[in-house]
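Notes follow the structure.
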Amino acid sequence: MSLIVAIVLMASSFESSQNIKLRPYLNSYQTKLIPADNEIEEDAIFESFDLDSSNVRSVGRWPFGVANAVAYANISGTDYLILGAGGGIYILDITNPSSPIKIGQIITPGRISELFVRNNFLYVLDGIRLRIFDLTNPQAPLEIGGLLTNAGCLFVSSNYAYLGDGNTLAIADVSDPHHPSVVSEFLTGGWIN
């Protein structure tokens, strides 16, 4: 009998012969037993292993988990959907919506929380930085600028990025996407979502 076990790549061992799902929870990991016929969906990085024998071998990998940030772009007349999950971003050509095609991807060191597209630039919050990518060639996006921030909310309008971090709103000038800079910050008196 072949069992498939999904484990977070950082986990080093497992002890059950059932399907196990490890879920990130407050900087630790918890396990959750799942029925063998359930499709694995999670916001962590999973690796699948075939446990037919004492030799464990990798049989597949889904690196991004569930998308928690989504953006749309139309670049040179082509429609793209941009999905952010975990520490990665997929760029999908959705010209034919019934058959999307992955044409590019970006790996970031932090977890993607927000995506915003304006004028062929992709603005990304990953818990570490605001990252700005040039999407002129969506198959090979190029990171061109950024700034340190813990912000979890993002909106871009005209030449400014509005960054929400707890009860602080920062406004960054992004008129030169290669060199964005914070021009003002203020306490809002409430939590920014």
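The values are calculated or read from the model by the stated rules, or taken from the named source; none is laboratory data. Because the structure is predicted, anything quoted here is derived from the model rather than measured. Cβ placement follows ideal geometry from the backbone for every residue including glycine, while neighbour counts extend to all protein chains displayed. What goes into the accessible areas is simple: the full protein's heavy atoms, side chains included, and nothing from ligands, DNA or RNA. Shrake-Rupley method; radii C 1.70, N 1.55, O 1.52, S 1.80 Å.
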- [ ] Enumerate the strands (runs of 3 or more DSSP E) found wholly within the stretch 76-118, keeping only those where 1 or more residues are polar (S, T, N, Q).
- [x] 78-85, 101-107
Open item on the list: Restricting to the stretch 89-133, name every residue that is open to solvent by 30 Å² or more (accessible area, probe 1.4 Å), in contact with a Pro (Cβ under 9 Å, 6 or more places away or on another chain) and among the β-branched types (Val, Ile, Thr).
Closed with: 94, 103, 107, 128
TODO: Might you let me know whether the stretch 66-79 holds any residue that is aromatic (Phe, Trp, Tyr) and either open to solvent by less than 40 Å² (accessible area, probe 1.4 Å) or closer than 21 Å to residue 182 by Cβ (or both)?
DONE: no
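Of the residues that sit in the stretch 119-131 and are assigned to a strand (DSSP E or B) and without any contact (Cβ under 8 Å) to a residue 24 or more places away in the chain, which one is farthest from residue 175 (Cα to Cα)? Steps first, please.
Pass one, the stretch 119-131, residues assigned to a strand (DSSP E or B): 121-125, 129-131.
Subsequent filtering for residues that are without any contact (Cβ under 8 Å) to a residue 24 or more places away in the chain retains 129, 131.
Working: 129: 18, 131: 14 Å.
Among residues in the stretch 119-131 that are assigned to a strand (DSSP E or B) and without any contact (Cβ under 8 Å) to a residue 24 or more places away in the chain, the one farthest from residue 175 (Cα to Cα) is 129.
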TODO: Please go through the stretch 149-193 and pick out each residue that is open to solvent by 40 Å² or more (accessible area, probe 1.4 Å), under 18 Å from the mean Cα position of the chain (by Cα) and at pLDDT 95 or above.
DONE: 155
